[in-house]
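Note sheet for the following structure.
The values are calculated or read from the model by the stated rules, or taken from the named source; none is laboratory data. The structure presented is a predicted model; accordingly, all values stated were derived computationally and were not measured. In this analysis, Cβ positions are derived from the backbone assuming ideal geometry, glycine residues included, and neighbour counts consider all displayed protein chains.
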Amino acid sequence: MIDDYIQATMTKNQIPGLSVAVVQEGEAVLVKGYGLANVEHSVEVTEYTVYEIASVRKTDILWMLQKCMKII
C-alpha cells in the first residue's frame with residue numbers, strides 16, 4: 001500500500017529517487033529506497049544512499065524535522 005503511494009507520488013512529481021524510514025515506538029518498521037540515485041548511470045537508491053542537500057533546502061529540512069518532533 002505505501003509502496004504504491006510512494007511510486008505514484010514519485011511519478012506525479014517527477015522524483016527520480018528517494019529513501020524512506022518509518023519509525024514506530026522507537027523501532028524502524030520500514031527502511032527502503034525507491035527509484036534511482038543516479039539516473040545517468042542507473043544507480044538504484046538504497047537505504048544507505050547519501051544525499052546532498054543544497055543550502056536552500058536546509059531550512060525546509062529543519063522545518064520538517066521540527067514538525068516531526070512535535071508529533072512524537
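I want to confirm something. Restricting to the stretch 14-47 and keeping residues that are among the small types (Gly, Ala, Ser) and under 10 Å from the mean Cα position of the chain (by Cα), which single residue is surrounded by the fewest Cβ atoms within 10 Å (Cβ to Cβ)? Reasoning before the result, please.
Just the residues of the stretch 14-47 that are among the small types (Gly, Ala, Ser), to begin with: 17, 19, 21, 26, 28, 33, 35, 37, 42.
After this cut, where a residue has to be under 10 Å from the mean Cα position of the chain (by Cα) as well, the list is 17, 19, 21, 33.
On the way: Gly17: 18, Ser19: 17, Ala21: 10, Gly33: 16.
So, considering only residues that are among the small types (Gly, Ala, Ser) and under 10 Å from the mean Cα position of the chain (by Cα), the one surrounded by the fewest Cβ atoms within 10 Å (Cβ to Cβ) is Ala21.
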State which residue pairs qualify: first residue within 16 Å of Tyr48 (Cα to Cα) and inside the stretch 13-37, second residue of a type in the set (Ser, Thr, Tyr) and modelled with pLDDT under 95 in any location, beta carbons under 7 Å apart, and separation of 6 or more residues or different chains.
-> Ser19/Thr49; Gly33/Ser19; Gly33/Thr46; Gly33/Thr49; Ala37/Thr49
